1. Filter the strands (runs of 3 or more DSSP E) completely within region 137-248 down to those with at least 1 residues that are touching a helix residue (DSSP H, G or I) at 6+ places or on another chain (Cβ under 7 Å) and more than 15 Å from Ile55 (Cβ to Cβ).
2. Among the numbered conditions (1) exposed (fewer than 12 other Cβ atoms within 10 Å of the Cβ); (2) more than 27 Å from the chain's Cα centre (by Cα); (3) touching a residue at least 24 places away in the same chain (Cβ under 8 Å), tell me where Val238 comes up short.
3. Can you tell me which residue among Leu121, Leu130 is in contact (Cβ under 8 Å) with a residue 12 or more places away in the chain and not assigned by TED's automatic domain parsing to the domain that holds Glu227?
4. Return the residue satisfying two criteria in turn: it lies in region 123-178 and is hydroxyl-bearing (Ser, Thr, Tyr) and under 21 Å from the mean Cα position of the chain (by Cα), and of such residues it is nearest to Ala76 (Cα to Cα).
5. Can you find even one residue in region 82-92 that is in contact with a strand residue (DSSP E or B) (Cβ under 6 Å, 6 or more places away or on another chain) and either assigned by TED's automatic domain parsing to the domain that holds Leu151 or in a helix (DSSP H, G or I) (or both)?
6. Within region 109-136, restricting attention to residues that are part of a loop (DSSP other than H, G, I, E, B) and not basic (Lys, Arg), which residue is surrounded by the most Cβ atoms within 10 Å (Cβ to Cβ)?
7. Where the second residue is outside any helix (DSSP H, G or I) and among the basic types (Lys, Arg) and the first is surrounded by 15 or more Cβ atoms within 10 Å (Cβ to Cβ) and lies in region 89-107, which pairs have Cβ atoms under 8 Å and are six or more apart or on separate chains?
Amino acid sequence: MKQISIVILWLVLAVPCRPAAIDIVINVDCRYVNPVTFEKPSPAASCQYVPNELIIKFRKNVADTIEEQLVLESPAGTLNIPRRLDKLNTKFRVRRIKPLFKNFSTNLQRLKNLQKKPGQLLTQKEKRILRRLRRAPKNAKIPALNRIYKLEIEPEKGQSLQEVIAAYNEDPDVEYAELNYIVSTNLMPNDPLYPLQWPLNNTGQDYPVSSTRSSSGTPDCDIDAPEAWDIHTSSPQVVVAVVDTGVD
C-alpha cells in the first residue's frame with residue numbers, strides 16, 4: 001500500500017518558490033564529486049585524510065596471495081609477495097596490512113551456497129536475503145572488494161604521502177593506490193537560486209522582496225530540508241499531495 005504524505009502549503013511568501021534542485025552532488029570535504037562516476041579526489045586537493053594510511057587495490061594474483069597469508073596471521077613484513085612490491089613495503093615501512101572489507105570472500109561464498117540450498121530448508125532470514133539478491137540485475141558483476149586493503153605505514157622524514165601513492169601506483173601488481181580520505185555525504189541542491197529558498201534552509205540570509213529592497217530571514221525558521229535530504233531523497237512508493245489554499 002502506498003504511503004501518502006500530505007503537505008499543506010500556506011502561501012505567505014513574498015517571493016515565488018522554485019523547485020529545489022534537480023541534480024544532487026556529494027560533497028567530499030573540499031570539493032564536489034560526480035555522483036555517477038565518483039571521480040576520485042586528487043592527492044593535491046586539500047581534502048582531509050587519515051595520516052599514514054593508504055588504500056590499495058591489488059591485482060588478483062597478489063591479492064589472493066596476501067589473503068591466504070593473512071588468514072594465517074602472517075605479519076606484514078613476512079608476506080611472500082613479488083620482490084618489487086616487497087621493496088616498496090620495506091622502503092615506506094609498512095607496519096600493518098588489513099582487508100578493507102573483512103571476510104568478503106567468506107561471505108560471498110556463503111551467499112553462493114545459500115542459493116543452492118533447498119527451499120524447504122531455508123530460514124525466514126535466508127529467504128529474505130535471497131529475495132533481496134533477486135533484485136539485482138541479472139548480469140550484475142560483483143566488484144572484487146576482497147582485493148582492497150588498508151596499509152598502515154611509517155614514512156621516514158622527508159617522504160610525502162604523495163610520493164608513496166605515486167610509487168605504489170607505478171607497480172604493475174597494484175590496480176590503484178590512494179589516500180584514506182575522510183568523506184561525508186551532504187545532499188545539497190546545485191540550483192543557483194537555492195540560497196534564496198529560506199523555507200528550505202533559513203540561515204538568516206537576505207532575500208529580495210521587491211526590485212529595490214531585501215529582507216533578512218530568521219535563522220532555522222524552515223522545514224530542515226537539508227537534514228531530510230541526508231536521510232532520504234525520493235521513493236516511487238511515496239505519493240506527495242499538495243493542498244493549496246490559494247491564499248496569497
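1. 206-208
2. With (1) exposed (fewer than 12 other Cβ atoms within 10 Å of the Cβ); (2) more than 27 Å from the chain's Cα centre (by Cα); (3) touching a residue at least 24 places away in the same chain (Cβ under 8 Å) applied to Val238, the lone miss is (2).
3. Leu130
4. Filtering region 123-178 for residues that are hydroxyl-bearing (Ser, Thr, Tyr) and under 21 Å from the mean Cα position of the chain (by Cα), the one nearest to Ala76 (Cα to Cα) comes out as Tyr149.
5. yes
6. Leu122
7. Once the first residue is surrounded by 15 or more Cβ atoms within 10 Å (Cβ to Cβ) and sits in region 89-107, its partners that are outside any helix (DSSP H, G or I) and among the basic types (Lys, Arg) give Ile97/Lys150; Pro99/Lys150; Leu100/Lys150.
The values are calculated or read from the model by the stated rules, or taken from the named source; none is laboratory data. Model, not experiment: these values are computed from the prediction. Here the Cβ is made from the backbone with ideal geometry for all residues, glycine too, and neighbour counts use every protein chain on show.
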